[in-house]
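Asks: One structure follows; several queries about it will come next.
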Amino acid sequence: MRRLRDYGGQIAQRSVEINVIPLIDCMLFLLIFFISTTVFEEATGVDVQKPQAASAAPLAKESITLALTADGQIIYGGRSVYPNAVRGLVAQQLRDKLVPVIILADNRARTGTLVDLIDECKLAGAAQVSLAATQEGS
């Protein structure tokens, strides 16, 4: 507190306050800015050893990502999905927006299971079904 003496001889006390409203405004602005500019990547929730390919390209930002593990499990959004439920799941996602389906198949996954998964995606209405791979040499 700061003491001031007025002309009448009395000591007046004036409190000094720190105005935090502009600080809160700046913090909210920064929070909104970082949330709106952050790119969220949809993770499958399972570690998959992807095969290597010389023609591998970056994944599409907006896509339906399914993972096929070495033991034949199909993972979507971190949870296991039965093979007969894939068609309905993909069709439901494609109702909102036509996006590609990307399958992250493990190197040791059975080819027959992979072909069945691709068929289910195509029958659900997916126009583009791609397999994810890592760039050779990386």
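Just so it is clear, none of the values below were taken in a lab; they were calculated from the coordinates. The shown structure was predicted, so the numbers you read here are calculated from the model rather than taken from an experiment. Because the Cβ atoms are built from the backbone with ideal geometry, glycine has one as well, and the counts that use them run over all protein chains shown.
Asks: Using θ = phi - 60° and the Karplus relation 6.51 cos²θ - 1.76 cosθ + 1.60, list the HN-Hα couplings for region 18-31 in order, rounded to whole Hz, with x at every Gly or Pro.
Replies: These are the phi-based 3J(HN,Hα) values: 9, 7, 9, 4, x, 5, 5, 4, 5, 5, 5, 4, 5, 4 Hz.
Asks: Sticking to Cα atoms, compute the Rg of region 52-135 to one decimal and its Dmax as the biggest Cα-Cα distance, whole number, in Å.
Replies: Considering region 52-135 through its Cα atoms, Rg and Dmax are 12.1, 33 Å.
Asks: Amide H of residue 104: which non-local residues (sequence gap of 5 or more, or other chain) have their own amide H closer than 5 Å, using H built in the peptide plane?
Replies: 66, 67, 68, 132
Asks: Let me ask another. In nm, to one decimal, how far is the residue 108 label point from the residue 136 one, both placed 7 Å along Cα→Cβ?
Replies: Here the answer is 2.4 nm between the modelled labels.
Asks: A further question follows. By counting other Cβ atoms within 10 Å of each Cβ, how are 96, 71 ranked from fewest to most?
Replies: The order, fewest Cβ neighbours first, is 96, 71.
Asks: Still on this model: Of 115, 16, 101, 86, how do they rank once you tally other Cβ atoms within 10 Å and put the fewest first?
Replies: Exposure proxy ranking, most exposed first: 16, 115, 86, 101.
Asks: Which of 113, 65, 37 has the fewest other C-beta atoms within 10 Å, and how do the rest follow up to the most?
Replies: The fewest-first ordering by Cβ neighbours comes to 37, 113, 65.
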